[in-house]
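Remarks on the structure that follows.
The values are calculated or read from the model by the stated rules, or taken from the named source; none is laboratory data. Remember, it's a predicted structure, so these values are computed and weren't measured experimentally. Note that each Cβ is placed from the backbone with ideal geometry, even for glycine, and that neighbours are counted across all protein chains shown. Protein only, heavy atoms only, side chains kept; ligands, DNA and RNA dropped before computing areas. Shrake-Rupley method; radii C 1.70, N 1.55, O 1.52, S 1.80 Å.
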Amino acid sequence: MADDFTTAWQALDPAARRCLELAHTSLRSGGLACGAVLTDASGAIVAEGRNRAYDRPGGTDPLQGTPLAHAETNALARARTEWDLATHTLWSSLEPCAMCTAAAEFTGVGTVRYVARDPWAVAGELPVSPGQPLNSPVWAVSSALLFLRSAYELRGPDAEVLRENERRAPKVVRLVADPEFVRAGEAGELFAALWSRIREAAGAAG
């Protein structure tokens with residue numbers, strides 16, 4: 001992993017990078033920070049979605065404001081029935097939950113990849129999903145940080161998921177209240193501002 005943010009951000013797989021951007025958009029929209037994309041056999045992004053379960057009414061997403069509006073289901077909802085998804089990959093900023101894993105299996109998605117474990121799954125000590133992790137501690141911290149920040153905004157500093165993750169990753173949880181979350185308009189801008197502390201939390205500094 002590169003020491004400087006710009007090099008690392010540009011080297012990140014475009015699908016994973018887009019998932020993080022969508023997760024940040026969800027956060028900025030007042031929802032849970034999770035983003036997902038569907039890529040074809042060539043690696044091109046052919047569909048995308050973000051968590052919209054907490055979005056305000058009035059959007060164009062048919063699942064918006066419902067408990068089904070996870071990032072992965074929103075991405076899969078943009079796939080066409082005639083597509084052969086066996087050659088496709090569903091990427092997510094977070095490990096897919098049981099519902100999204102089942103949706104990927106039902107629709108025949110060939111591969112599922114994710115950037116970070118779901119902090120809720122970590123807090124509940126749930127089994128790891130069958131998907132393939134990106135295996136990058138720095139980006140795993142970045143993704144989990146976005147989600148934990150959304151829990152902080154939605155449920156406050158005493159949110160259960162924050163307390164449970166504090167025991168496992170205190171350096172990550174301490175970043176959720178950083179003022180850069182308010183100042184940064186884009187995911188890249190946020191990660192750049194927090195890069196040294198993200199690397200330290202991931203054990204990649206030095």
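For the reader, a short list of remarks on this structure follows.
- The lone exception for Gly31 - which of (1) out of contact with any His (no Cβ under 8 Å at 6 or more places or on another chain); (2) part of a loop (DSSP other than H, G, I, E, B); (3) open to solvent by 30 Å² or more (accessible area, probe 1.4 Å) it fails: (3)
- Yes/no for Arg163 being open to solvent by 50 Å² or more (accessible area, probe 1.4 Å) and more than 21 Å from Leu190 (Cα to Cα): yes
- In region 160-205, the residues that are without any contact (Cβ under 8 Å) to a residue 40 or more places away in the chain, over 20 Å from Gly35 (Cβ atoms) and of a type in the set (Gly, Ala, Ser): Ala169, Ala177, Ser196, Ala205
- Positions within region 181-193 being assigned to a helix (DSSP H, G or I) and either β-branched (Val, Ile, Thr) or under 12 Å from His24 (Cβ atoms) (or both), in sequence order: Phe181, Val182, Ala187, Gly188, Glu189, Leu190, Phe191
- Residues in region 1-26 that are among the aliphatic types (A, V, I, L, M), touching a helix residue (DSSP H, G or I) at 6+ places or on another chain (Cβ under 6 Å) and open to solvent by 10 Å² or more (accessible area, probe 1.4 Å): Met1, Ala2.
- Flag if Arg183 is within 23 Å of Gln10 (Cβ to Cβ) and of a type in the set (Lys, Arg): yes
- Flag if Trp120 is assigned to a helix (DSSP H, G or I) and surrounded by 20 or more Cβ atoms within 10 Å (Cβ to Cβ): no
- Per this entry, Ala140 is not counted among residues that are assigned to a helix (DSSP H, G or I), over 26 Å from Val182 (Cβ atoms) and within 17 Å of the chain's Cα centre (by Cα).
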